[in-house]
Each structure stands twice: as structure tokens, then as C-alpha cells.
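Working notes for the structure below.
The values are calculated or read from the model by the stated rules, or taken from the named source; none is laboratory data. Keep in mind it's a predicted model, so treat the numbers as computed, not measured. Backbone-built Cβ (ideal geometry, glycine too); neighbour counts: all protein chains shown.
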């Protein structure tokens with residue numbers, strides 16, 4: 001298995017397009033993001049992302065993973081338009097992202113449903129904002145709830161839904177506006193293993209039926225390899241694309257248990273884990289004042 005791209009520790013990562021027949025749906029071009037954080041020493045600059053570049057094809061599923069603090073959620077929020085990049089651009093279709101738009105839908109880590117609304121009314125919310133007439137938005141909301149397997153729970157309020165059902169409502173809400181790109185920020189991280197696997201299968205089924213481009217953040221390497229066409233491993237301090245792994249699993253992914261037994265799955269997961277552990281080791285050495293060659297840097301501080 002070969003990775004499609006690598007990025008140096010001190011150089012910007014070049015735009016990377018996978019060998020596919022479809023056209024790029026999302027193009028991230030040299031995106032950087034700076035924050036200002038406050039501590040006992042006063043205000044300090046923090047570079048969350050440094051010249052991140054990536055190209056994602058129409059209909060592709062891409063996972064963003066890496067150590068905590070590597071900027072994967074920040075990057076997802078910039079794609080969504082919830083954050084502005086300090087420099088660089090994100091293009092979705094033929095439009096540069098300058099804020100939120102109906103061409104992108106977001107599924108949060110927690111469903112973030114309105115407690116006073118039913119499941120159906122929660123799914124209708126984005127359509128209301130979009131200005132869709134009531135009868136039409138009711139029809140669309142019902143259709144999307146049926147798509148995610150919640151046709152019998154449309155009239156329930158969030159306090160009558162399980163955690164997995166709430167996430168299905170969140171998925172239906174994101175799909176209701178017919179986005180070009182579906183973004184998901186660790187959508188299954190708070191769920192138990194059985195519920196999580198059920199929703200992973202649901203996402204794969206929705207992808208088969210809609211062909212949506214999907215970008216999701218996860219800390220779960222199994223999940224990344226099971227669902228994605230490519231896994232983007234990011235490195236922290238500052239956030240950069242460290243390595244991009246093509247997932248060599250072809251055909252429908254309907255039996256996740258069987259996929260876990262494939263040599264391709266085990267090998268790819270191991271390669272991602274091995275590279276991730278190398279970054280953990282590097283960060284530990286840096287925290288103790290040791291450079292990658294093992295020399296003590298204490299006198300240089």
C-alpha cells in the first residue's frame with residue numbers, strides 16, 4: 001500500500017488529487033489559521049493550521065485523523081464556513097467559501113437538536129432557513145428521515161430518542177438541504193460500539209444512494225479505514241498534512257466485520273498507526289527538549 005502524498009515538516013503540502021475520474025468537489029489551497037490564546041504570560045499567538053492543501057473528488061469519502069490539536073476540526077469548520085482562514089482558500093464546486101452555505105451540511109459530534117421540536121421539525125429547520133414552503137419542506141424532511149431509518153419516529157421529541165437516533169436526525173437534517181458536501185465532526189464518538197457500527201453502515205448506505213462527497217473527522221483508526229476512500233493523517237504544532245493513505249478496499253462495504261478480517265484492512269490500519277505513533281514519539285521528545293536526532297536542546301531554549 002502506498003500513500004498518495006506526503007508533506008514535509010517545514011514545507012507546505014501541495015494540492016493532492018486522487019487518481020479518480022470525477023472532478024474535484026473541494027479544493028483546499030494553502031490554508032493557514034492563527035489564533036490568539038491567553039495564559040499567565042499574556043496573549044500568545046497559536047498557529048493551528050499551516051499551509052494545508054488538499055483536493056477531494058466528487059463522491060469521495062475522506063477521513064481526517066491525527067493527534068489531538070492537529071487542527072482537523074478547525075479545518076472542517078473552515079470548510080463549513082464557521083471559521084475564516086487566516087490565509088489560503090477553500091473552494092466548493094466553483095465557489096470560494098466565505099461563510100456557511102447550503103452547498104455544505106454539517107453533522108455535529110452531538111446532534112444539537114432543538115428540544116421543543118419533533119424529529120420532523122428538527123429536520124425541517126434548515127429548509128425553513130432556506131425559505132422552502134411548508135408543504136415542500138415537510139415532504140423533504142419525511143423523505144430524509146425515511147432515508148436514515150427513522151420513519152416511525154418522526155413525531156418524537158429529542159428526549160424520547162436514543163443517542164443513535166438523535167445522530168440519525170442530525171444526519172437527516174444535514175442531508176435535507178441537499179448539500180454538495182456532507183461534513184461530519186466525530187459524529188459517532190459518543191456512542192456505544194453497537195450503535196456506532198449501525199450508524200457507520202447507515203452513512204455507507206446513504207453514500208451509495210446519494211453519491212455525496214463526505215469529509216469526516218475521527219480519532220478512531222478502524223472507523224477511518226472502514227469508511228473512507230482516503231485517510232488524511234495530520235500532524236500537530238502546527239497542523240499540517242502529514243501523510244495521505246489510499247484505502248485499498250474495493251467493492252461494497254456492507255459487512256464491516258468481514259472487512260476487519262481482510263489483510264488490506266489490517267495492513268493499512270497498521271501503517272497509519274505506525275506513522276501516528278512516530279508523531280507521538282516526536283512530540284514527546286520535543287516536549288523534553290530533545291531534537292529528532294536525540295540531542296538535548298536544553299541549552300538552546
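Only one of these conditions is not met by residue 23: (1) within 21 Å of residue 101 (Cβ to Cβ); (2) modelled with pLDDT of 90 or more. Which number is it? Against the list (1) within 21 Å of residue 101 (Cβ to Cβ); (2) modelled with pLDDT of 90 or more, residue 23 comes up short only on (2). The residue list 151, 99 contains one member that is outside the structural domain of residue 71 (by the TED database), over 23 Å from residue 219 (Cβ atoms) and surrounded by fewer than 17 Cβ atoms within 10 Å (Cβ to Cβ), which is 151. One residue is enough: does region 195-205 have a residue meeting the conditions buried (at least 20 other Cβ atoms within 10 Å of the Cβ) and more than 18 Å from the chain's Cα centre (by Cα)? No, region 195-205 has no match at all. Considering the conditions (1) surrounded by fewer than 12 Cβ atoms within 10 Å (Cβ to Cβ); (2) closer than 30 Å to residue 50 by Cα; (3) at pLDDT below 90, residue 251 is excluded by exactly one of them, (2). Total residues in region 36-63 satisfying the condition of being under 30 Å from residue 94 (Cβ atoms) and free of Cβ contacts under 8 Å to residues at least 60 places away in the same chain: the figure is 1. Residue 69 meets the conditions (1) more than 22 Å from residue 101 (Cβ to Cβ); (2) touching a residue at least 40 places away in the same chain (Cβ under 8 Å); (3) touching a strand residue (DSSP E or B) at 6+ places or on another chain (Cβ under 7 Å) in every case but one. The failed one is (3). Taken together, the residues in region 260-274 that are touching a residue at least 24 places away in the same chain (Cβ under 8 Å) and surrounded by fewer than 17 Cβ atoms within 10 Å (Cβ to Cβ) amount to 4. Checked against the criterion of being surrounded by 16 or more Cβ atoms within 10 Å (Cβ to Cβ), part of a helix (DSSP H, G or I) and touching a helix residue (DSSP H, G or I) at 6+ places or on another chain (Cβ under 6 Å), region 178-194 contains not a single residue that satisfies it. Among the criteria (1) touching a helix residue (DSSP H, G or I) at 6+ places or on another chain (Cβ under 7 Å); (2) without any contact (Cβ under 8 Å) to a residue 60 or more places away in the chain; (3) closer than 22 Å to residue 78 by Cα; (4) exposed (fewer than 15 other Cβ atoms within 10 Å of the Cβ), the one residue 111 does not fulfil is (4).
For region 97-121, a residue qualifies if it is outside any loop (DSSP other than H, G, I, E, B) and under 15 Å from residue 171 (Cβ atoms), and the qualifying residues are 104, 105, 106, 107, 119, 120.
Looking at region 70-96, which of the residues that are more than 19 Å from the chain's Cα centre (by Cα) and assigned to a loop (DSSP other than H, G, I, E, B) is nearest to residue 219 (Cα to Cα)? Applying the filter and picking the extreme gives 86. Here residue 264 fulfils each of the conditions (1) under 22 Å from the mean Cα position of the chain (by Cα); (2) in a helix (DSSP H, G or I) apart from (1). If you scan region 152-170, which residues turn out to be in contact with a helix residue (DSSP H, G or I) (Cβ under 7 Å, 6 or more places away or on another chain) and part of a loop (DSSP other than H, G, I, E, B)? Listed by number, the residues that qualify are 154, 155, 156, 161. Can you find a residue in region 214-228 that is part of a helix (DSSP H, G or I), surrounded by fewer than 24 Cβ atoms within 10 Å (Cβ to Cβ), touching a helix residue (DSSP H, G or I) at 6+ places or on another chain (Cβ under 6 Å) and without any contact (Cβ under 8 Å) to a residue 60 or more places away in the chain? Within region 214-228, one or more residues are part of a helix (DSSP H, G or I), surrounded by fewer than 24 Cβ atoms within 10 Å (Cβ to Cβ), touching a helix residue (DSSP H, G or I) at 6+ places or on another chain (Cβ under 6 Å) and without any contact (Cβ under 8 Å) to a residue 60 or more places away in the chain.
Among the residues here, residue 128 does not qualify as under 30 Å from residue 156 (Cα atoms) and either touching a strand residue (DSSP E or B) at 6+ places or on another chain (Cβ under 6 Å) or not in a helix (DSSP H, G or I) (or both).
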